[in-house]
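Nothing in this text is a laboratory measurement; each read-out follows from the coordinates by a stated rule. Keep in mind that this is a model prediction, so the values were computed, not measured. Neighbour counts are summed over all protein chains in view; Cβ atoms, including those assigned to glycine, are modelled from backbone coordinates with ideal geometry.
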Amino acid sequence: QVELVESGGGLVQAGGSLRLSCVASGRTFRRYSMGWFRQAPGKEREFVAAISWSGSSTAYEDSVKDRFTIPRDNAKNTVYLQMNSLKPEDTAVYYCAARLSGVTQAPDSFASWGQGTQVTVSS
């Protein structure tokens, strides 16, 4: 497994942007597909975006598809979530996660999780 640490959350006005970062420990980061999930109060954890180990394959939840991107930098052991045109409904704790197989949207398929970072979008 790999240890993950997220950062970059905060308070932003609707229409603004944030970039979340997730740094992984170890030298095997490039073997992992990475995902971002989020959980709002009273709701289940939901898929946001995922990227394959090479970056050649990505997937997005429909509501973020035209606003968020998930680039990764294997040299820096880091995956990002670039969030633009933020909306109040994007408010949640955002988690990054890692798995050794391909891109998937199922949270149970990810073995390693970070501690989460809070994103709050004000209207």
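Some observations on this one:
- Under the combined filter of DSSP loop state and at most 16 neighbouring Cβ atoms within 10 Å, the range 39-110 retains these GluC sites (Glu not before Pro): Glu44, Glu61.
- Cross-link reach list, lysines versus Lys87, counting only Cα pairs under 25 Å and skipping chain neighbours closer than eight places: Lys43, Lys65
- Per-residue ³J(HN,Hα) for the range 49-59, Karplus 6.51 cos²θ - 1.76 cosθ + 1.60, θ = phi - 60°, Hz, x for Gly and Pro: 7, 8, 9, 6, 4, 8, x, 7, 10, 9, 8
- When Rg and the Kirkwood radius Rh are both evaluated on Cα atoms of the chain, their ratio Rg/Rh stands at 0.94.
- Trypsin sites (Lys or Arg not before Pro) lying in DSSP loop within the range 57-90, provided at most 13 other Cβ fall within 10 Å: Lys65
- Coil-residue trypsin sites (Lys or Arg not before Pro) of the range 1-55, DSSP, other Cβ within 10 Å capped at 13: Arg27, Lys43
- Zone of Thr104's modelled label, taken as backbone nitrogen in the range 22-45 under 12 Å from a point 7 Å along Cα→Cβ: 33
- Cut-off under 5 Å, modelled amide H: who pairs with Gly10 long-range: Val119, Thr120
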